[in-house]
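Notes follow once the structure below has been shown.
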């Protein structure tokens, strides 16, 4: 993947949604179920400090997103409605979590397998 693969140009996640969509500069349209995004939260509180990120099943009340904050040109910080906000999701990491029809077969998140910490 080239540099455009890791540049988000639009993020859509309406109130009450269960899926976030991200348009990437290379034309890819990513699909991110909130269960996957929260279950693979990369923060140390959820994951510890190991080399892999494992799926931690979230509770239903943990799946609504309040807002996204850009972190430089490389990541999004997701602020969840339950107050959790310490995970920084790099654009490279988000591409690995994509659940669109084209990516789901190659994504470890589809089977809740561990994901390498990018």
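The values are calculated or read from the model by the stated rules, or taken from the named source; none is laboratory data. Note that the coordinates shown come from a computational prediction; the quantities given were computed from them, not determined experimentally. Heads up, the Cβs are rebuilt from the backbone with ideal geometry, glycines too, and the neighbour counts pull from every protein chain shown.
Observations, loosely collected:
- Count of residues meeting criterion [more than 17 Å from residue 88 (Cβ to Cβ) and assigned to a strand (DSSP E or B)] in the range 1-29: 8
- Summed over the range 99-113, the residues that are touching a strand residue (DSSP E or B) at 6+ places or on another chain (Cβ under 7 Å) and either modelled with pLDDT of 90 or more or on the phi > 0 side of the Ramachandran plot (or both) give a count of 2.
- Tally of residues being free of Cβ contacts under 8 Å to residues at least 12 places away in the same chain and at positive phi across the range 5-23: 0
- Residue check, residue 60 surrounded by fewer than 14 Cβ atoms within 10 Å (Cβ to Cβ), touching a strand residue (DSSP E or B) at 6+ places or on another chain (Cβ under 8 Å) and either without any contact (Cβ under 8 Å) to a residue 40 or more places away in the chain or under 16 Å from residue 108 (Cα atoms) (or both): no
- Where residue 117 falls short, out of the listed (1) under 14 Å from residue 42 (Cα atoms); (2) at pLDDT 90 or above; (3) out of contact with any helix residue (DSSP H, G or I) (no Cβ under 6 Å at 6 or more places or on another chain): (2)
- For residue 32: the one exception among (1) at pLDDT 95 or above; (2) assigned to a helix (DSSP H, G or I); (3) within 18 Å of residue 116 (Cα to Cα): (2)
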